[in-house]
Amino acid sequence: MPYVLLAVAIGAEITATSLLKLSAGFTRLWPSVGVAAGYLLSFLLLSLTLRSVPVSVAYAIWSGAGTAVVAAIGMVVFGEPVSLAKIGGIALIIAGVVALNLGGTHAG
């Protein structure tokens with residue numbers, strides 16, 4: 001169950017970050033409301049996850065997955081340039097999260 005909460009937390013963070021772009025500096029109401037709600041939900045669920053998952057593992061997954069997916073969304077949805085360096089960076093983020101998960105014990 002903790003990893004389901006973490007997955008939803010990641011989804012909320014990804015949604016909030018994507019809406020941050022659409023909020024146009026918090027000048028558009030509904031995307032701005034979505035940003036606040038998404039981050040609030042994300043942090044709430046992350047905090048609940050930390051009851052049973054070590055912070056090093058949970059935060060690595062939360063931030064790493066969020067960073068990698070938002071980078072991909074930026075390239076696919078928002079038309080940001082795709083480069084070998086960006087793809088390599090995303091691969092390194094994923095490798096780091098996997099290494100942290102393999103390197104320690106955690107509840108699940």
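The values are calculated or read from the model by the stated rules, or taken from the named source; none is laboratory data. Model, not experiment: these values are computed from the prediction. A quick note on method: Cβ atoms are made from the backbone with ideal geometry, for glycine too, and the neighbour counts reach across all protein chains shown. Heavy atoms of the whole protein, side chains included, go into the accessibility calculation; ligands, DNA and RNA do not. Shrake-Rupley method; radii C 1.70, N 1.55, O 1.52, S 1.80 Å.
MET75 contributes about 20 Å² of solvent-accessible surface, heavy atoms of the protein only, 1.4 Å probe.
For the stretch 55-99, the square roots of the Cα gyration tensor eigenvalues, ordered a ≥ b ≥ c, give a/c of at least 1.5 with a/b no greater than b/c, which places it in the oblate category. Heavy-atom accessible surface of the stretch 47-108, averaged per residue, reaches 59 Å², computed with a 1.4 Å probe. Rolling a 1.4 angstrom probe over the chain with all protein chains present gives an accessible area of which 77% lies on carbon and sulfur atoms. Checking every one of the trypsin sites (Lys or Arg not before Pro) in the stretch 3-108 against DSSP loop status and a limit of 10 other Cβ atoms within 10 Å picks out ARG51.
Considering only chymotrypsin sites (Phe, Trp or Tyr not before Pro) in DSSP loops that have at most 15 other Cβ atoms within 10 Å, the longest stretch of the chain without any of them is 27-77. Relative contact order of the chain, taken over Cα pairs closer than 8 Å and 6 or more residues apart, is 32 percent. Seen through its C-alpha gyration tensor, with square-root eigenvalues sorted a ≥ b ≥ c, the stretch 1-51 comes out prolate because a/c lies at 1.5 or above while a/b is bigger than b/c.
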